[in-house]
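Chemist: Following this message is one structure expressed as structure tokens.
The values are calculated or read from the model by the stated rules, or taken from the named source; none is laboratory data. Because the structure is predicted, anything quoted here is derived from the model rather than measured. In this analysis, Cβ positions are derived from the backbone assuming ideal geometry, glycine residues included, and neighbour counts consider all displayed protein chains. Remember, those area values only see protein heavy atoms, side chains included, never the ligands or the DNA or RNA. Shrake-Rupley method; radii C 1.70, N 1.55, O 1.52, S 1.80 Å.
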Amino acid sequence: MGIYLDNAATSFPKPKEVSEAVYDFMTNNGTSSGRGAYKKAMESDFIIYECRKLIGELFNFNNPKNVIFTSNVTESINMVLRGMLKENDHVITSSLEHNAVWRTLKTLEKEKNIDISKVKCDKHGITKANDVEKLIKENTKLIIFTAASNVIGTIQPIKEIGEIARKNKIPFVVDGAQLCGAYRVDVQNDNIDILTFTGHKSLLGPMGTGGIVINCDYNIEPTKSGGTGGDSAYEYQVDYYPNKLETGTLNVSGICGLRSAVKFLLKEKVENIYEKEKNLTEYALNILSKVNDVEIYGPKDSEKITPVISFNIKNKRAEEVAHILGDKYNIMVRAGLHCAPCAHEIIGTKEVGTVRVSMGYFNEKQEIDKLAYALNNL
Ligand SMILES: Cc1ncc(COP(=O)(O)O)c(C=O)c1O
């Protein structure tokens with residue numbers, strides 16, 4: 001089986017209910033949603049509707065129609081940024097963004113001449129919310145922040161930034177990829193206007209699922225058009241959610257799996273998942289800091305990070321370390337830039353990358369012991 005410590009890329013294993021739900025749907029239903037009036041199609045409609053409701057419950061949001069399904073958070077972020085930013089708009093973002101945000105912004109800089117400001121943070125990825133306010137200009141049209149770094153795990157002051165955004169009437173978009181499911185995310189309490197999420201990381205759902213929670217009246221122009229299953233004689237994209245942004249056949253089998261995953265999270269409770277993962281992180285920080293010649297990046301405080309730890313071993317390339325761990329010990333970790341070069345600029349590893357260990361709900365302390373043993377024997 002091996003030891004899987006790459007949960008920041010995608011979580012594994014999934015709760016068995018998730019794969020069973022996908023199998024059951026594909027074997028016994030298999031129909032499209034929003035298109036038919038026969039019984040099985042109505043069942044598909046119900047699966048989709050119930051999943052919207054459960055996602056809402058998880059993020060304290062009670063308007064299921066404003067929960068939009070996409071194929072992953074990258075698609076969600078592209079839809080939001082492209083659907084909201086116009087020529088010469090100014091946007092504020094963190095210094096830790098994943099390429100899902102950063103490349104999209106850089107592409108829009110080329111295409112629409114948008115102006116990008118990065119909020120500075122310290123070498124541990126700690127951002128001060130007040131620094132966001134200092135960057136606001138007359139043409140600031142959006143603030144987008146990752147909720148937590150996928151390289152060093154640092155959790156960002158989302159609630160405080162949201163408060164600043166509200167005060168200045170600027171839409172606040174959050175990339176929830178690393179936080180959703182691992183930590184309490186509450187769109188009301190955290191002042192989040194638009195939450196983007198992916199289904200296959202800490203939400204424990206299947207790949208190919210993700211979405212957008214639209215907790216505001218700001219307009220997101222559709223960037224795709226096509227069939228929505230209703231109003232078919234109308235020649236343009238409809239103007240109401242979710243159909244405005246959901247076009248083409250939905251991934252009903254995946255969403256069926258996501259529905260089971262969210263039910264699992266609600267049953268286990270995110271608070272309990274957080275506690276377990278926090279303890280594991282504390283344990284891992286402690287034990288890894290004793291490994292010979294190790295340098296750990298980011299806050300060495302389990303309260304400030306998600307279960308993600310980046311490190312290097314002196315005189316060893318990150319790729320080499322990950323390769324030996326995989327080859328000799330069957331321990332699966334990731335090496336490199338983790339699609340987030342900006343974060344490596346902050347910790348000074350843009351040229352060399354890092355080894356990243358990321359834990360999930362199903363990891364145990366003995367697995368961290370085995371990792372430390374392997375690292376000490378490199
Ligand atoms: C912070 C962050 N944003 C975006 C993404 C992209 O996720 P997906 O590939 O599911 O779109 C990731 C995945 O690594 C991430 O960690």
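Chemist: Can you say what percent of the DSSP beta bridges in the range 16-268, counting only those with both residues inside, are antiparallel? Round to 5.
Modeler: Values: 11 of 27 bridges.
If we restrict to bridges inside the range 16-268, about 40 percent are antiparallel.
Chemist: Can you give me the relative contact order of the chain as a percent, contacts being Cα pairs under 8 Å and 6 or more apart? Before the final figure, lay out the partial values.
Modeler: Values: 763 pairs, mean separation 90.2, N = 378.
Here the relative contact order equals 24 percent.
Chemist: Give me the net charge for the shell around LEU195: Cβ to Cβ below 11 angstrom, other residues only, Lys and Arg +1, Asp and Glu -1.
Modeler: Working: positive: none; negative: ASP175, ASP186, ASP190, ASP193.
For residues surrounding LEU195, the net value is -4.
Chemist: Then there is this: Report, ordered by chain and residue number, the aspartates and glutamates lying within cross-link reach of LYS267, taken as a straight Cα distance under 19 Å and ignoring same-chain residues fewer than 8 apart.
Modeler: Result set, ordered by chain and number: GLU17, GLU20, GLU50, GLU57, ASP186, GLU275, GLU277.
Chemist: Using only protein heavy atoms and a 1.4 Å probe, report how much of TYR183 is accessible, in Å² to the nearest 10.
Modeler: Spelled out: TYR183, probe radius 1.4 Å, area about 70 Å².
Chemist: Right, here's the next one. State which entries of LYS53/LYS269; LYS16/LYS40; LYS65/LYS159; LYS300/LYS328; LYS65/LYS141; LYS201/LYS224 exceed 22 angstrom in Cα-Cα distance in the structure shown. Walk me through the numbers before you get to the answer.
Modeler: Numbers: LYS53/LYS269 16 Å; LYS16/LYS40 24 Å; LYS65/LYS159 24 Å; LYS300/LYS328 28 Å; LYS65/LYS141 25 Å; LYS201/LYS224 26 Å.
Too far apart for the 22 Å limit: LYS16/LYS40; LYS65/LYS159; LYS300/LYS328; LYS65/LYS141; LYS201/LYS224.
Chemist: A further question follows. Can you tally the net charge around THR247? Count Lys and Arg as +1, Asp and Glu as -1, for every other residue whose Cβ sits under 15 Å from the Cβ of THR247.
Modeler: Working: positive: ARG35, ARG82, LYS224, LYS244; negative: GLU75, GLU221, ASP231, GLU235, ASP239, GLU246.
Every neighbour counted, the sum reads -2.
Chemist: Also: Using a Cα-Cα cut-off of under 13 Å, which aspartates and glutamates could be cross-linked to LYS123, ignoring same-chain neighbours fewer than 8 residues away?
Modeler: List returned: GLU345.
Chemist: Right, another one. If we count every other residue with Cβ under 9 angstrom of VAL67's Cβ, Lys/Arg +1 and Asp/Glu -1, where does the sum land? Kindly include the intermediate steps, with their values, before the conclusion.
Modeler: Numbers: positive: ARG52, LYS53, LYS65; negative: none.
Net of charged neighbours comes to +3.
Chemist: Kindly provide the helix-only [θ] at 222 nm of the chain, computed as the sum of -39,500 (n - 2.57) over DSSP H runs of four or more divided by all residues, to the nearest 500 deg cm²/dmol? Could the numbers behind the result be given before it?
Modeler: Details: 11 runs with 142 residues, N = 378.
Taken over the chain, the calculation gives -12000 deg cm²/dmol.
Chemist: Using each residue's phi in the range 298-304, evaluate 6.51 cos²θ - 1.76 cosθ + 1.60 at θ = phi - 60° and report the 3J(HN,Hα) Karplus result to the nearest Hz, with x for Gly and Pro.
Modeler: Calculated HN-Hα couplings, in order: x, x, 9, 9, 5, 6, 9 Hz.
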